[in-house]
Amino acid sequence: MTNRAEHARLEGVVREYLDVVYGSALLQVRDPHVAADVTEAVFLVLQRKIGGLEEGPKMTVWLLRATRYACMDVRKQERRRMYHEMRAAAMKSQRENRTKVREMEGVVDAALDRLPVEDRRLIVAVYVEGLSHKELALQLCIGEAAAQKRVQRAMGKLKRVLERAGVAYTVAGAEGSLTAMGKPAAAPAAIMPA
């Protein structure tokens, strides 16, 4: 068959089966724009294979099967796209959260420097060094309840310093930032003493 004859045959098949292929695609993907893209893809594949296909029921079966495969490919690509977009959004959110935490750690650290030495020492002992109130009480030679109350008062002062700086920060948020300060990043091997 010549190219001219194949082209004429393809035009006839497209005219005859366009609505069938589009309708089948629309039922499967439920989006008119995507169904139009699928229809175009099916007829592009048909263009390459038209010489080996017979007209009639076999052509209909082939077109519907090709439409189904094209729709499956479109759905698979959509799932992949959504998966990658969700991963990218999650990664961006994590980066933003880490940045916010670092910024808040800096704010809390600066506020901590404004506290009296004794209050700073209490907060650092519990939240950065990880001492329990009982261990702190033993160091200070006071009761555990008294140690807990002193830490609580120091945290209240820290909160007030933060509020004066214009930072709306809860005690729990400050505790989280202070605890994170107690888990420093590992120093690079290049600066470690030999």
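Filter the range 68-111 down to the residues that are at pLDDT below 85 and surrounded by 14 or more Cβ atoms within 10 Å (Cβ to Cβ), then identify the one that is nearest to the chain's Cα centre (by Cα). The residue in question is Val101. Say whether the condition of being out of contact with any helix residue (DSSP H, G or I) (no Cβ under 8 Å at 6 or more places or on another chain) and open to solvent by less than 70 Å² (accessible area, probe 1.4 Å) is met by at least one residue in the range 37-51. No, the range 37-51 contains no residue that is out of contact with any helix residue (DSSP H, G or I) (no Cβ under 8 Å at 6 or more places or on another chain) and open to solvent by less than 70 Å² (accessible area, probe 1.4 Å).
If the condition is being within 13 Å of Glu6 (Cα to Cα) and loosely packed, with under 14 Cβ neighbours inside 10 Å, then the range 52-62 contributes Gly52, Glu54, Glu55.
The values are calculated or read from the model by the stated rules, or taken from the named source; none is laboratory data. Everything numeric here is computed off the predicted structure, so don't read it as measured data. As a convention, Cβ positions derive from the backbone with ideal geometry for all residues, glycine included, and neighbour counts pool all protein chains shown. Heavy atoms of the whole protein, side chains included, go into the accessibility calculation; ligands, DNA and RNA do not. Shrake-Rupley method; radii C 1.70, N 1.55, O 1.52, S 1.80 Å.
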